[in-house]
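Notes follow once the structure below has been shown.
Just so it is clear, none of the values below were taken in a lab; they were calculated from the coordinates. The model shown is predicted, which means the values in this text are computed figures rather than measured ones. In this analysis, Cβ positions are derived from the backbone assuming ideal geometry, glycine residues included, and neighbour counts consider all displayed protein chains.
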Amino acid sequence: MKLDSYWLDTAPRFTKAAQGPLPQRVDVAVVGGGFTGLSAALELAKRGMSVVVFEAGRLAAQASGRNGGHCNTGVAQDYAALSARIGSERASEFYRAYAGAVDTVKAIIAEEQIDCDLRHSGKIKLAAKPQHFASLANSYEVLKREVDPDVELVPPERIRDEIGSDGFFGGLVQRNGMQMHMGKFGVGLGEAAARRGAQIYENTPITNLKALGGNAFEVSSPLGTLRAERVLIATGASQVGPLQWFRRRIAPVGSFIVATEPLGSARLDALLPTRRSYVTTLNIGNYFRATPDERLLFGGRARFAMSNPRSDEKSGHILRDALARYFPQLADVGIDYCWGGLVDMTADRLPRAGQHEGLFYSMGYSGHGVQMSVHMGRLMADVMFGAASRNPWRTLEWPAIPGHFGRAWFLPLVGAYYRLQDVLH
């Protein structure tokens, strides 16, 4: 079991990283070389602006290269509950933002000719308990009425048409969704931005941000300092750099994934006949999909803990047990990869984007970041230059999480709460 991201291990290396000293001055400095930062850099460079991207490690190697590889419409919580809480108008606006985000990813892949094993597949949410099907049926009715007439409810008696497992009791299909190779997409996005003129510095964390008035900042790093007329913070749950205000508002929740040995098309056809992206209804549930080379990638919040090699390995064993429960026929299959990453979770599981004390930011995608990060990178290129109305999350307040000062000491308590909810409901 290799403790490395399958996406990163099987992707080409980024070869267009900037070398040499920093420029003295740029139009925009982007902090974070994941999907948000790279998408913003691409869009800004296309408009003729000078852009530097500071990435503390390898390009697209944190959440962007450690996720489940799902790119689908749908907010990160039950739509019917969200609509009841905030009203159908705002809920549908947020849902449509995610639909638009999928279209943005599709458009960038086509425009920049990124080779990333793109597959149009859709997503199915699987009822993990018999009583969960009623909740899916309610969401189906609300979605179909308010915002997405193309959804489909799969009753328990037909769930075997969708998945070769006896562990599920119906499902909800949302057709606007894709799959891609996350590592290849990240490298392709970075190469596209570099071709347009963005300078991308790997292994270059920022060490200080000094306000110069207006939106301008002096940005310091091990390579020196530069003046940026605007700064975009696109770091997600990163624990690197002088970004405490953002850390107090983000819960860095570990998410863990295993990838099996290659299973072959016949075996996968029996397990996943529609080859969708799959997610279960449990609070501490699972998500899975096939990979381009016919592995089963299977992930979830196996442990409410930060990701590190020891934690990843423990989580890998938990995930293997869950995999065998849903698919007993894979109980003895080899696990080739196991890895973890940090999800930038907000308290209400909705993204946040805007401006704080001169710094522009977009983050908090709460497990649905593949599409929204790319979309928001492109939109922030507008927001930073006066088009605040382009930001779908502009009206959301963002208070600090009570008692949270950067270290997520409360994760075991949160995990215990959600485990209890999964037992009781």
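By the compact-protein rule of thumb, 2.2 N^0.38 Å, the alpha-carbon radius of gyration of region 1-158 corresponds to a ratio of 1.33. Pairs of alpha carbons in region 50-139 separated by more than 24 Å make up 42% of all such pairs. Bridgeable lysines around Lys129 (alpha carbons under 22 Å apart, same-chain partners fewer than 8 residues away excluded) are absent.
Ordering Thr104, Thr235 by the number of other Cβ atoms within 10 Å of each residue's own Cβ, fewest first, gives Thr104, Thr235. The charge dipole of region 79-136, taken about its Cα centre with unit charges on the Cβ atoms of Lys, Arg (+1), Asp and Glu (-1) only, comes to about 520 debye.
Using equal-weight Cα scatterers in the Debye expression, the normalised intensity of region 356-425 in log10 at q = 0.12, 0.28 Å⁻¹ is -0.52, -1.27. Each of Phe298, Val253, Ala331 was scored by the projection of its Cα onto the charge dipole of region 231-333, and the greatest displacement toward the positive side belongs to Val253; charges sit on the C-beta of Lys, Arg, Asp and Glu.
Using a simple spin-label model with pseudo-atoms 7 Å out from Cα toward Cβ, Lys144 and Thr225 lie 6.2 nm apart. Take the Kirkwood radius over Cα pairs of the chain, plug it into Stokes-Einstein at 37 °C and 0.692 mPa s, and you get 151 µm²/s for translational diffusion. Pairs exceeding a 24 Å alpha-carbon distance, out of Lys16/Lys184; Lys184/Lys314; Lys46/Lys106; Lys2/Lys314; Lys16/Lys123: Lys184/Lys314; Lys16/Lys123.
If both residues of a DSSP beta bridge must be in the chain, then about 70% of such bridges are antiparallel. Each peptide in 147-160, 349-362 was scored by the mean count of other Cβ atoms within 10 Å over its residues; highest first, the order is 349-362, 147-160. In a simple Cβ point-charge model (Lys, Arg +1; Asp, Glu -1; nothing else charged), region 110-259 has a dipole of about 600 debye relative to its Cα centre. In whole percents, the pair-distance distribution calculated for region 217-295 from its alpha-carbon pairs, binned every 5 Å from zero, is 3, 10, 14, 13, 11, 10, 9, 9, 11, 6, 3, 1.
Across the options Pro155, Ala17, Leu282, the greatest Cα extent toward the positive end of the charge dipole of the chain (unit charges at beta carbon of Lys, Arg, Asp, Glu) belongs to Ala17. Which whole-angstrom value gives the distance between the alpha carbon centres of region 361-425 and region 18-93? Comparing the Cα centres of region 361-425 and region 18-93, I get a distance of 12 Å. Simple rule: put +1 on each Lys or Arg Cβ and -1 on each Asp or Glu Cβ in region 6-415, find the dipole, and look at Ile401, Leu82, Tyr365; the Cα lying farthest toward the positive end is Ile401. For the peptides 254-261, 324-331, residues were scored by their other Cβ atoms within 10 Å and the scores averaged per peptide; the highest-first order is 254-261, 324-331.
The mean sequence distance of close C-alpha pairs (under 8 Å, at least 6 residues apart), as a share of the length of region 6-415, puts its relative contact order at 24 percent. Sorting Leu82, Leu3 by the number of Cβ atoms found within 10 Å of their own Cβ, with the fewest placed first, yields Leu3, Leu82. Length available on full extension from Asp336 to Ala416: 0.36 nm per residue minus the Cα-Cα distance, which gives 25.9 nm.
Sorting 30-38, 116-124, 178-186 by their mean Cβ neighbour count within 10 Å, with the most densely packed peptide first, gives 30-38, 178-186, 116-124.
Here the chain is assigned +1 on the Cβ of each Lys and Arg and -1 on the Cβ of each Asp and Glu. Its dipole about the Cα centre then comes out at about 680 debye.
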